[in-house]
Amino acid sequence: MSVRESPDLPTRTEVRFGTPEDAGAYAALMRLAFGDVQPYELRYRWQYWSDPQHSKLLVFEADDNVAGMLGVEMRPLTNGLVSGVIRDIVVTPQHRRRGVLRRLCGEANRLVVKRGGALLASFVNAAAASALARVAGWQILTPIPVLRRDVRAELPRTRVSEGLLAREVVAFDRNRQNRVWRFDQHPVHEYFTASFRTGIAVMKLFGDPPSGDIVDVNAVPLELEVLEGTYRAAVERLRTMGAHEAVTWGILPASERDLLSRLGWQSGDASRSFAVSVLRPEAKSLADASGWRLQPADIEHF
Ligand SMILES: CC(C)(COP(=O)(O)OP(=O)(O)OC[C@H]1O[C@@H](n2cnc3c(N)ncnc32)[C@H](O)[C@@H]1OP(=O)(O)O)[C@@H](O)C(=O)NCCC(=O)NCCS
């Protein structure tokens with residue numbers, strides 16, 4: 001990435017890769033944009049340096065000061081393609097609306113193409129959705145709804161997945177190594193994985209009174225009857241752990257959304273949207289939200 005003059009910025013600018021020494025600058029930008037809600041330095045080391053092949057931070061400098069950044073995480077998909085996932089998007093207030101995000105996205109494109117990626121994906125708030133929608137190649141596919149359920153309310157007595165048909169969808173491939181990094185080695189959250197007869201669910205508790213986030217539900221094979229058993233067991237487990245509410249969100253196939261609604265989950269507000277940029281023709285069909293199955297563990301940024 002070379003140093004060059006940008007017509008939009010009155011300063012000398014450069015996009016470079018982050019280094020371990022950028023932990024402080026990263027934390028300062030994150031605090032500025034999202035508040036003091038996390039030990040960001042720890043998160044930086046985990047996300048970008050526990051396996052440097054996995055994620056790269058792109059840093060935008062204007063006159064040697066950090067003016068913006070975004071992270072690119074490489075993730076394999078279940079259809080054999082690889083996606084770059086854009087995260088940690090922040091531009092300092094004084095540099096906004098001057099093309100910094102656009103430049104960073106251009107560099108992210110180049111990086112992901114070089115590493116064999118077929119598309120870019122991101123889970124963005126309203127401001128980033130408005131901006132990305134104006135950046136070449138990007139499409140905002142769908143809002144990401146949040147689903148909530150009172151865990152103390154009784155579950156239906158009989159099976160409800162009858163008559164619902166599973167369809168083939170694409171997801172991020174969470175192999176064992178990724179699970180260890182994502183859940184066991186997370187620097188901030190404590191996750192617990194519950195294995196049931198029907199599959200596994202990964203959960204975390206937060207707040208007071210506690211809510212339970214169901215961040216990942218998996219079953220092999222991914223059949224609705226099996227998913228039903230796993231969601232039921234996860235709700236029961238959260239109840240025994242003292243949670244009042246079960247929360248999950250994501251881009252689920254229509255049949256799985258129906259299943260959750262039959263099990264008593266209700267849709268709440270969507271604060272994020274799913275955005276993609278297709279980089280190779282093989283990934284063209286992925287610019288359609290109905291072909292995806294994404295869960296909180298795929299989406300959550302912190
Ligand atoms: C969202 C954000 C990253 C945009 O960065 P930026 O450098 O200002 O974006 P750019 O200047 O490259 O803008 C690209 C295009 O989006 C438009 N745009 C930028 N911010 C916008 C906004 N908030 N609403 C509508 N359009 C916006 C720009 O006008 C430009 O379009 P144009 O050239 O056709 O006029 C920046 O506002 C920010 O850091 N916000 C706070 C942190 C945050 O919310 N991050 C997203 C987390 S998911």
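Rounded to the nearest 500 deg cm²/dmol, what is the calculated helix-only ellipticity per residue at 222 nm for the chain, with -39500 (n - 2.57) per DSSP H run of length n ≥ 4?
Details: 8 runs with 73 residues, N = 302.
Estimated from H runs of four or more residues: -7000 deg cm²/dmol.
Excluding same-chain residues fewer than 8 positions from Lys284, which lysines have a Cα within less than 23 Å of its Cα?
Within the straight-line cut-off, Lys284 pairs with Lys114.
So if I place +1 on the C-beta of Lys and Arg and -1 on the C-beta of Asp and Glu, and nothing else carries charge, what would the dipole magnitude of the chain be about its Cα centre? I want it in debye, nearest 20.
Dipole of the chain, to the nearest 20 debye: 440 debye.
Explain nothing, just compute: Karplus ³J(HN,Hα) = 6.51 cos²θ - 1.76 cosθ + 1.60, θ = phi - 60°, for every residue of segment 115-122 in order, whole Hz, x for Gly and Pro.
Per-residue couplings from phi come out as 8, x, x, 9, 7, 10, 9, 7 Hz.
For the chain, with a Gaussian network of springs between Cα atoms less than 10 Å apart, report the residue from Gly84, Gly137, Gly68 with the top mean-square fluctuation.
Result for the chain, Cα springs under 10 Å: Gly137 fluctuates most.
Sequence gap at least 6, Cα distance under 8 Å: using those rules, report the relative contact order of the chain to the nearest whole percent. Can you show the working numbers first?
Values: 557 pairs, mean separation 61.1, N = 302.
Here the relative contact order equals 20 percent.
At what distance in nm do the modelled label points of Ala28 and Ser271 sit from each other, each positioned 7 Å from its Cα along Cα→Cβ?
2.6 nm
Return a whole-number percent for the relative contact order of segment 146-269, with Cα pairs under 8 Å and 6 or more residues apart as the contact set.
40 percent.
Mean-square fluctuation check for the chain, GNM, Cα pairs under 10 Å: which of Thr158, Thr193, Thr92 is largest?
The residue that fluctuates most here is Thr158.
Distance between Cα centroids, segment 184-256 to segment 6-83: provide it in whole Å.
Comparing the Cα centres of segment 184-256 and segment 6-83, I get a distance of 30 Å.
Compute the signed sum of charges (Lys and Arg +1, Asp and Glu -1) over the other residues within less than 11 Å, Cβ to Cβ, of Arg174.
Charge balance in the 11 Å sphere: +1.
When the label point is put 7 Å from the Cα of Phe192 along its Cα-to-beta-carbon vector, which residues of segment 237-265 have a backbone N closer than 13 Å?
Once the point is set 7 Å along Cα→Cβ of Phe192, 237-244 turn out to lie under 13 Å by backbone N, inside segment 237-265.
Who wins for biggest fluctuation among Val135, Val151, Val37 in a Gaussian network model of the chain, springs between alpha carbons below 10 Å?
Val37
Specify the angular offset, from 0 to 90 degrees and rounded to the nearest 10, of the alpha carbon long axis of helix 100-114 from the longest principal axis of the alpha carbons in the chain.
Relative to the chain, helix 100-114 is tipped by roughly 70 degrees.
Read the figures in this text as sums done on the coordinates, not as results from a lab. Predicted model only: the values in this text are computed from it and were never measured. Glycine also receives a Cβ, built like all others from the backbone with ideal geometry; neighbour counts cover every protein chain displayed.
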